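J.: Dropping the structure in here first, questions after.
The values are calculated or read from the model by the stated rules, or taken from the named source; none is laboratory data. Please read these numbers as outputs of a predicted model, since none were measured by experiment. So basically every Cβ, Gly included, is an ideal-geometry build from the backbone, and we count neighbours across all protein chains shown.
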Amino acid sequence: MPIGVTNGAASGAEVRLDKVSFSYGEAPLFFDVDFAASKITAIMGPSGSGKSTLLNLVAGFEAPQAGRVLIGGVDVGAALPSARPVSMVFQENNLFAHLSVEQNVGLGRSPSLRLTGDDRADISEAIARTGLAGKEKRLPRELSGGERQRVALARVLVRDRPVLLLDEPFASLGPALRDDMLDLVAGVHGERGMTVLFVTHQPQDARRIGQNVVFLDKGAVAAAGTADDFFAGAGPEAFRRYIGAGAGDPVSRDIARKRT
Amino acid sequence: MRLASDPRVTAGITALAAVALLIGGAFTGLLFEGAHDLSGAWAALDPYLLRVVRFTLWQAALSTLLSVGPALLVARALSRHPRFFGRGFILQLFALPLALPAIVAALGILALYGRAGYFSGLLSAVGGQGWPGIYGLSGILVAHVFFNLPLSSRLFLEALQTIPADQWRLASQLGMGPRPAFRLIEWPMLRAALPGIAGLVFMLCITSFTIVLTLGGGPAATTLEVGIYQALRFDFDPARAVALTLLQVALTCLVMLCLTRLGANTTGDANLPVAPRRYLSVGAGETILNIVLIALALLFVAGPMAATLAAGLGADLGRLAGEATVRQATLTSAGLAFVSALLSVLLSLSLTIARRALALNRRAGPRSLLEHAADTGAGLVLVVPPIVIGAGWFLLLRHAGDVFAIAPIMVVTVNAVMAMPFAIRAIRPAYDAASERHERLCALLGIAGWARFRLVDWPSLRRPLATGFAFAMALSLGDLGVIALFGSDSVQTLPYLLLARMGSYRTEDAAGLALLLGLVCLALVLAADWLGRGEKA
């Protein structure tokens, strides 16, 4: 039984960018890609390749100039970010600094913090699930960086949307802490089965929890496939260049696996 | 995202419309009167008027130079010594002149440097003959510097504090001495802030009314604003008032245009909290120089305030407090200022949130006319000083009946609009910074409307709103511009009463009233500051 009372959106939804083009004025971006339902897909690529923009298009912070964004087969182009079936965790500023852990999580259930008894029970469970029990009344400034991201994940749990977008949320954490957080994401994913789109610069992160990989280069999808294929050396030349020489060879792979 | 239905933009449009109505009504009055008596308005453009224009510009330029130049040095001195005993007190003290009504400061300066002031004996001995007093250009300059030196110092210091701590760490690692550090780190920051600050000071001086009225002391030292007042209240020469008013507006518009060309921005940017830096070594010679600089500025700013206090305590305060006129004026002042401050903060907040919403919607494209208006609309009211708005409505309404009956409305609305640049200065950086942090999160979680204001905006705006309110109320309490035109025996505010007592040479009464007014404004600013800080934790 998954933690928390779900609202019937327990499993994931397919995310599809259908010939989406977008530009900030200079470099045009073009995405035509599917993200399989209920899988964790690592989105990788050099800086400026459009990783964050892709997530922003799905979340609704940016509007495509052409093409459609479909979630679970429904065109969400006209929907506000809050009306889309997605949750998102940013690299920082995920929390309101003046609100407690409890309140920050509660906002995932009601944007005006009008909470029922059931809501409060869900919030407590989510806080416990993310390892924050006993810290309900704390303010973000009284938490460590890792704990703040845990609060954001707890809010994702109470929001319970079929798609989760992670925009390098653990980039500023140390390796051990990052692994803990990745395992938490993987655990939550196992329970809820939502579709996870996960932007990261770290091959070992992608390898640790990623089931699929989408590799972006110069504002377009350069390659897509399973993580196993990618890290077995079947990825495109640009991908191998990006993760560095030898990263795909059996030795370094061995080292990366040892940490799990 | 969805523009037309955004209540934030609607709020901004409403606020702009209110400001436009106030200013538009004034101009209707002026143009109506001008068209009515065209030849009279032309005839008013005589050599005397040109001399007034020249003096207006001359005193503003000198005041700006004397305020901004020393302020650069004082701000740098303060930033070089981020912690010493009394630093916080000095910064607090430097904030006070802005809250102090001009007429109170004028009295303080007279009490100190006037013919019968505390320093007159000393100054006579130095000069070798009887001290003539400080009326005229010198009095105006001293008063303007008293107001603007501490203001500019604080603004420059704010700019210097936006230098990231890392740059200082880097500088000390590279072994940069004070000279290269000034040239490479501090000066670029100061130079970026200079046009904005100098522009603000110049505009404040060019539209200064009370100081020139009380310290100018004669036709040789008259500015356009005082000329307008005299034309309406003493000579009753509407044609002349129209000519003077249009000249004043043309002048301020011209100056404003030059300033925007220079890149001046009369509303501040967000300043990030910066960790106090300790890895800064200041040589002994520089330390002494800095101490002297700060001490001089301190004496100059504290002097008139101390004189106000001393002179006020010398008055028969008990008798003053018992006077029905004084009580009535106090009540009138308090009520009008409260409503005015409320209105001012409301208008400023509306413009701030509308500007932000429009900027967010725009992304990369050019700014729309509306966003431009929301951005600079508040700064533009500096172009149209209270006296001008007052004069316009005065001329418009004198055909409609008793102009003195609308005094309360005029005082409330004009002062509210005049305080907007200051209120926006307090509100906008906080709102924009909070929005920067929270905008995406709110969109994601669907926090909007009232819930957003209650949960997200209010906690981060409480303090700046309190500061803005206190400033607006202090400004309105101390204003003499509008009430000088519209005041009468039936509607008197404290500054109006003060002016009347000064005019009838009841100096002791005036000093007592000045003390009362000064203390109320002071208490207001300190209380709001303290309240905002207390609530934050």
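J.: For the range A:13-33, what are the residues that are among the acidic types (Asp, Glu), surrounded by fewer than 17 Cβ atoms within 10 Å (Cβ to Cβ) and within 12 Å of A:VAL69 (Cβ to Cβ)?
T.: Listed by number, the residues that qualify are A:ASP18, A:ASP32.
J.: Sort out which residues of the range A:67-82 are facing another protein chain (nearest Cβ under 8 Å) and either closer than 19 Å to A:VAL33 by Cα or surrounded by 15 or more Cβ atoms within 10 Å (Cβ to Cβ) (or both), and write them in order of number.
T.: A:PRO81, A:SER82
J.: So, one more: Out of the range A:95-109, which residues are crowded, with 20+ Cβ neighbours inside 10 Å and facing another protein chain (nearest Cβ under 7 Å)?
T.: Scanning the range A:95-109 gives A:PHE96, A:LEU107, A:GLY108.
J.: Failed condition for A:PRO85, given (1) touching a Pro at 6+ places or on another chain (Cβ under 8 Å); (2) within 13 Å of chain B (Cβ to nearest Cβ); (3) surrounded by 23 or more Cβ atoms within 10 Å (Cβ to Cβ); (4) not β-branched (Val, Ile, Thr), with all others met?
T.: (3)
J.: Also, I was wondering about something else. Restricting the search to the range B:133-155, which residues are modelled with pLDDT under 90 and crowded, with 24+ Cβ neighbours inside 10 Å?
T.: B:ILE134
J.: Just to be sure before I move on: is B:LEU122 modelled with pLDDT under 85, assigned to a helix (DSSP H, G or I) and of a type in the set (A, V, I, L, M, F, W, C) in the structure I sent?
T.: On the way: modelled with pLDDT under 85: yes; assigned to a helix (DSSP H, G or I): yes; of a type in the set (A, V, I, L, M, F, W, C): yes.
Yes.
J.: Considering only residues that are over 23 Å from A:GLY235 (Cα atoms), more than 9 Å from chain B (Cβ to nearest Cβ) and surrounded by 17 or more Cβ atoms within 10 Å (Cβ to Cβ), which ones fall in the range A:37-66?
T.: Answer for the range A:37-66, where residues must be over 23 Å from A:GLY235 (Cα atoms), more than 9 Å from chain B (Cβ to nearest Cβ) and surrounded by 17 or more Cβ atoms within 10 Å (Cβ to Cβ): A:LEU57, A:VAL58, A:PRO64.
J.: Further question on the same structure: What pairs come out if I take residues in the range B:440-454 that are within 8 Å of chain A (Cβ to nearest Cβ) and touching a residue at least 60 places away in the same chain (Cβ under 8 Å) and pair them with residues that are surrounded by fewer than 21 Cβ atoms within 10 Å (Cβ to Cβ) and outside any helix (DSSP H, G or I) whose C-beta lies under 9 Å away, six or more apart or interchain?
T.: Filtered contacts from the range B:440-454: B:ALA443/A:PHE61; B:ALA443/A:LEU80; B:ALA443/B:MET1.
J.: Can you tell me which of (1) within 14 Å of chain B (Cβ to nearest Cβ); (2) under 30 Å from B:ALA434 (Cα atoms) is the one A:PRO28 doesn't meet?
T.: Failing condition for A:PRO28: (2).
J.: For the list (1) on the phi < 0 side of the Ramachandran plot; (2) within 14 Å of chain A (Cβ to nearest Cβ); (3) without any contact (Cβ under 8 Å) to a residue 60 or more places away in the chain, I need the number of the one condition that B:HIS399 fails.
T.: (2)
J.: Here is a follow-up. If only one of B:GLY114, B:GLY12, B:GLY108 is under 30 Å from A:PRO81 (Cα atoms) and crowded, with 19+ Cβ neighbours inside 10 Å, which one is it?
T.: Exactly one residue qualifies, and that residue is B:GLY12.
J.: Ok, one more. Tally up the residues in the range B:222-234 that are assigned to a loop (DSSP other than H, G, I, E, B) and surrounded by fewer than 24 Cβ atoms within 10 Å (Cβ to Cβ), please. Give the steps one after another, and end with the answer.
T.: Taking the range B:222-234 and keeping what is assigned to a loop (DSSP other than H, G, I, E, B), we get B:222-223, B:234.
Still in the list and also surrounded by fewer than 24 Cβ atoms within 10 Å (Cβ to Cβ): B:222, B:234.
The total comes to 2.
J.: What are the residue pairs meeting all of these: first residue in the range B:305-325, first residue of a type in the set (Lys, Arg), second residue modelled with pLDDT under 85 and in a helix (DSSP H, G or I), Cβ atoms under 7 Å, and 6 or more apart or on different chains?
T.: No pair meets every condition.
J.: Taking the conditions exactly as written (touching a residue at least 40 places away in the same chain (Cβ under 8 Å) and within 20 Å of the chain's Cα centre (by Cα)), does A:ALA27 satisfy them or not?
T.: Considered against the rule, which asks whether it is touching a residue at least 40 places away in the same chain (Cβ under 8 Å) and within 20 Å of the chain's Cα centre (by Cα), A:ALA27 comes out as no.
J.: Oh, and also: Any residue that is closer than 13 Å to A:ARG159 by Cα and more than 14 Å from chain B (Cβ to nearest Cβ) - is there at least one of those in the range A:127-134? Steps first, please.
T.: Just the residues of the range A:127-134 that are closer than 13 Å to A:ARG159 by Cα, to begin with: A:127.
With more than 14 Å from chain B (Cβ to nearest Cβ) added as a condition, the list becomes A:127.
Looking through the range A:127-134, at least one residue is closer than 13 Å to A:ARG159 by Cα and more than 14 Å from chain B (Cβ to nearest Cβ).
J.: Moving on to the next point. Considering each of B:SER333, B:SER350, B:SER344 in turn, give the residue that is in a helix (DSSP H, G or I), away from chain A (no Cβ under 14 Å), among the hydroxyl-bearing types (Ser, Thr, Tyr) and surrounded by fewer than 24 Cβ atoms within 10 Å (Cβ to Cβ). Spell out how you get there, then give the answer.
T.: Working: B:SER333 fails: surrounded by fewer than 24 Cβ atoms within 10 Å (Cβ to Cβ); B:SER344 fails: surrounded by fewer than 24 Cβ atoms within 10 Å (Cβ to Cβ).
The conditions single out B:SER350.
J.: Now for a separate question. Scanning for something more than 28 Å from B:LEU96 (Cα to Cα) and among the aliphatic types (A, V, I, L, M), does the range B:305-319 turn up at least one residue?
T.: No, every residue in the range B:305-319 fails to be more than 28 Å from B:LEU96 (Cα to Cα) and among the aliphatic types (A, V, I, L, M).
J.: Then there is this: Please specify each residue of the range A:149-175 satisfying the condition of being farther than 20 Å from A:ALA133 by Cα, among the aliphatic types (A, V, I, L, M) and at pLDDT 90 or above. Please lay out each step first, then the result.
T.: Here is the first cut: in the range A:149-175, the residues farther than 20 Å from A:ALA133 by Cα are A:161-175.
Next, only the ones that are among the aliphatic types (A, V, I, L, M) stay: A:163-166, A:171, A:173.
Within the range A:149-175, A:VAL163, A:LEU164, A:LEU165, A:LEU166 meet the criteria.
Matching residues to (1) at pLDDT 85 or above; (2) buried (at least 18 other Cβ atoms within 10 Å of the Cβ):
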residue: B:ASP166; (1), (2): no, no
residue: B:SER172; (1), (2): no, no
residue: B:PRO178; (1), (2): no, no
residue: B:PHE182; (1), (2): no, no
residue: B:TRP187; (1), (2): yes, no
residue: B:THR207; (1), (2): no, yes
residue: B:LEU215; (1), (2): yes, yes
residue: B:ALA220; (1), (2): no, no
residue: B:PHE236; (1), (2): no, no
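J.: With respect to B:ARG440, is the statement that it is over 23 Å from B:ILE103 (Cβ atoms), assigned by TED's automatic domain parsing to the domain that holds B:PHE338 and at pLDDT 85 or above true? Talk me through it step by step, then tell me what you get.
T.: On the way: over 23 Å from B:ILE103 (Cβ atoms): yes; assigned by TED's automatic domain parsing to the domain that holds B:PHE338: yes; at pLDDT 85 or above: yes.
Yes.
J.: Mind checking whether some residue in the range A:237-250 is modelled with pLDDT of 80 or more, touching a Leu at 6+ places or on another chain (Cβ under 7 Å), under 15 Å from A:MET44 (Cα atoms) and surrounded by 12 or more Cβ atoms within 10 Å (Cβ to Cβ)?
T.: No; the residues of the range A:237-250 include none that is modelled with pLDDT of 80 or more, touching a Leu at 6+ places or on another chain (Cβ under 7 Å), under 15 Å from A:MET44 (Cα atoms) and surrounded by 12 or more Cβ atoms within 10 Å (Cβ to Cβ).
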